[in-house]
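Everything on this sheet refers to the single structure shown next.
The values are calculated or read from the model by the stated rules, or taken from the named source; none is laboratory data. Please read these numbers as outputs of a predicted model, since none were measured by experiment. Reconstructed Cβ throughout: ideal geometry from the backbone, glycine too, with neighbour counts over all protein chains shown.
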Amino acid sequence: MNCLFFTNTPAHVHLYKHTIARLEELGHDVLVFARSDECTEALLRAHGLPYVIYGGRGEAKHSLLWELPVQLGRIVRRAREFSPDVIFGIGPYAAYTGLVTRSPAIAVLDSEPSLDHVVARPFVRAFLTPEAFQKELGENHYRFHGFKESAYLHPDIFEADPDIRDALGVDPDESFAIVRLNSFNGHHDVGRKGFSLEQRRRLLEALASETTVFVSDEGSDLDLGNLDVRPFDLHPAKLHDALSEADLLVADTQTMVTEAALLGTPAIRSNSFVGESDMGNFLELEDEGLIYNLSSFDAVLERSRTLLADESVPQRWERRRDEYVSEMVNLTDLLCAVALTFTESTSGTTLGDVAEVSG
C-alpha cells in the first residue's frame, strides 16, 4: 500500500517518524510532504524519511491566502502520481488531498484553538485526539490515552543517548536547564505571544545564576553574546536526549513542555494560551503535577528557582512520570494499526474499526 504523511513542522516529523519506518519495514511505500523549513528538513534527513517539499513557511498573517493555491496545486499533482491508499496529517492539507485522491484522510490533533479541525471536518475519515482534548468532533472522533508525543516518547520507543552529556559539554552530575523560546510565526500563533525580549533576558540572567543554561531560540531573536548561557547547537534530533537529562525546562512554546513531562523533566510553560480556556493536554499535565502553566512572569522566576533548589525534585518527577505513562498508549502502534485497517477496507472502514484495532 501507499501511505502519505504531511509534516508541516518538526513536531510532525517526530509524530510520524517511527510509524513511517515501521510501515517501510513491512514493505509498504511511504511518501512525506513537507514545508521548506531548516529544522524540519534536518530531521527528515536525519531519520532517512522519503520526502518532497510542497512549499515554504510564510510568516505574515495574510501569507496563507496567496500561498495556499500554489501549494495545493503542487500537492495534488504529486499526490495523484503517488496514489495514496491512506493519508495522515493535521488538517486542511491532508483533508483536501484525501478529497481529490479519494483516499481516507486521518487527522491527528491536540490543539483545541486551532481551526484545522473546523476546516478539515467534512473531508476527514477519522480524527484521533488525546482523551484530554476538550472538543467533540463528531462520530468519527476517536480518543486515545496519551498525547501526540506518545508516538516517539513512549517508554517502549524512546531510548536516550547515554553520551548526550559529553555532547553538551556538561559534567555527569552538573545541573542544567533548557530554555525554549517560540518565534510565534505560525498561522496558529496569530494574536498570541510569549516572553518579551526584556523578559527573555531577565529569565536567562536569573537561571544562569543558578545553573548551566542552554537556549533553544526558534526565532533567533535574542543576542546571547553578553549572557552567561549557551546556545543549544547540537543537531535538532538530539534535543529530546538533552531534555531527558535536564533539571528544568522553561518555555513559552507548547510541544516541548509536553515532551518534558513525558520524559520526567520539570517544565514551566508561560504564554498567552495559559488561562481558563487553555488546551486540555496542558491542564491535564498540570493536574498530574508534571508541569506548571504560569501567566505571571514573576511567578515563572520564582518557580524556576524553587525547582532548581529542591534536591528531591528529580526523584519526585520521575515517580510521577512513571505512574502517568504506565497506562499511556504507544501511539506508533495505533497509527500503524490504523493505516493497515483503513487500507484493507477503505470504502467501509469506520471509527468503530479504528477503536477495535486499538484494543
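Quick look at the numbers
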read-out: Matching option when the condition is buried (at least 23 other Cβ atoms within 10 Å of the Cβ) and either modelled with pLDDT of 90 or more or outside any loop (DSSP other than H, G, I, E, B) (or both), among Val170, Val179; value: Val179
read-out: Subset of region 94-112 that is within 24 Å of Gly280 (Cβ to Cβ) and part of a helix (DSSP H, G or I) - its residue that is farthest from the chain's Cα centre (by Cα); value: Ala95
read-out: When residues of region 1-42 are limited to those that are assigned to a helix (DSSP H, G or I) and aliphatic (A, V, I, L, M), the one nearest to Pro236 (Cα to Cα); value: Ala42
read-out: Flag for Leu340 being within 30 Å of Phe88 (Cβ to Cβ), surrounded by fewer than 18 Cβ atoms within 10 Å (Cβ to Cβ) and over 21 Å from the mean Cα position of the chain (by Cα); value: yes
read-out: Subset of region 78-128 that is hydroxyl-bearing (Ser, Thr, Tyr) and touching a Pro at 6+ places or on another chain (Cβ under 9 Å) - its residue that is surrounded by the fewest Cβ atoms within 10 Å (Cβ to Cβ); value: Thr101
read-out: Count of residues meeting criterion [assigned to a loop (DSSP other than H, G, I, E, B) and at pLDDT below 95] in region 330-350; value: 6
read-out: Identity of the residue in region 53-71, touching a helix residue (DSSP H, G or I) at 6+ places or on another chain (Cβ under 6 Å) and at pLDDT 85 or above, that ends up farthest from Phe5 (Cα to Cα); value: Gly55
read-out: The lone exception for Gln134 - which of (1) over 17 Å from Leu283 (Cα atoms); (2) surrounded by fewer than 23 Cβ atoms within 10 Å (Cβ to Cβ); (3) among the polar types (S, T, N, Q) it fails; value: (1)
read-out: Candidate set: region 134-157, residues that are part of a loop (DSSP other than H, G, I, E, B) and small (Gly, Ala, Ser); chosen: the one nearest to Leu43 (Cα to Cα); value: Gly146
read-out: Residue ranges of strands (runs of 3 or more DSSP E) in region 218-328 with at least 1 members surrounded by 13 or more Cβ atoms within 10 Å (Cβ to Cβ) and free of Cβ contacts under 8 Å to residues at least 40 places away in the same chain; value: 267-269, 291-293
read-out: Any chance Ile87 is more than 24 Å from Leu137 (Cα to Cα) and within 23 Å of the chain's Cα centre (by Cα); value: no
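Yes or no, residue by residue, for (1) at pLDDT below 90; (2) among the β-branched types (Val, Ile, Thr):
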{"position": "Tyr96", "(1), (2)": "no, no"}
{"position": "Val100", "(1), (2)": "no, yes"}
{"position": "Val108", "(1), (2)": "no, yes"}
{"position": "Val118", "(1), (2)": "yes, yes"}
{"position": "Pro130", "(1), (2)": "no, no"}
{"position": "Lys135", "(1), (2)": "yes, no"}
